[in-house]
Amino acid sequence: MRGYYFITEARLSRAGNLSDVAGAVAAKVRVVQYREKQGLTGELVAEARQLRELCRHIIFLVNDRVDLALEVGPTGSTWARRTSPTTKPGDCWAPAKIIGVTVHNVAEALAAQAGGADYLGVSPIFSTATKADAGAPSGVALLSEIRRRVTLPLVAVGGITLANAPAVIAAGADAVCAIAAVVTRPEVKAEIDKFQKLFGGNASIC
């Protein structure tokens, strides 16, 4: 896993999720995560199906919502957040092919790896207003420590910009997500292209 990792954010988006995801696909993003906590389930299912079609050739993840995952059938996997210490990630996500777990410290990272996670989201790296319950920022030090302790791909999330992304990548991130730095801008593809270049032409996922 390497490159820009796209997460939808309808509240901040200038053009809406469909337009944003189309731009992300055009920028050769290989992973799109649908994260939407508000709205009627029927409306979310309809939007998720449209996004899934846009992402038919790449990995499409659904954040947290098992019901949406079952209805839509993500092309690659579903996304699992932090599980309880006694629960393996896969126990909650039977239909998933790939499971990602958001972690906030080394203990959670080790537990998620032992529990069968396929990759980890490390969050928040820096202060962010995108996610109200993100918690205190960890900086790149925690990312470096997790990189030393686990072998799974790491996705860095939270407060990332073009200015600080190089330090995040140097600390061990295989992929970065910079939501506000992308979806609030007029041209999503153009902004993602800038992040992709930080990976030296090796932006991909496997």
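The values are calculated or read from the model by the stated rules, or taken from the named source; none is laboratory data. Computed from a prediction, not measured in an experiment: that's the story for all the values here. When we count neighbours, we look across all protein chains shown, and the Cβ atoms used for this are built from the backbone with ideal geometry, even at glycine. SASA here: full protein model, heavy atoms, side chains in, ligands and nucleic acids out. Shrake-Rupley method; radii C 1.70, N 1.55, O 1.52, S 1.80 Å.
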Among the residues of segment 3-24, which ones are over 19 Å from R65 (Cβ atoms) and crowded, with 20+ Cβ neighbours inside 10 Å? G3, Y4, G23, A24
Is it the case that I169 is assigned to a loop (DSSP other than H, G, I, E, B), without any contact (Cβ under 8 Å) to a residue 40 or more places away in the chain and either buried (at least 18 other Cβ atoms within 10 Å of the Cβ) or touching a Phe, Trp or Tyr at 6+ places or on another chain (Cβ under 8 Å) (or both)? no
So which residues in segment 133-166 are within 12 Å of L120 (Cβ to Cβ) and open to solvent by 50 Å² or more (accessible area, probe 1.4 Å)? R147, R149, T151
Those residues of segment 32-59 which are among the hydrophobic types (A, V, I, L, M, F, W, C), open to solvent by 10 Å² or more (accessible area, probe 1.4 Å) and under 18 Å from A175 (Cβ atoms), in sequence order: I58, I59
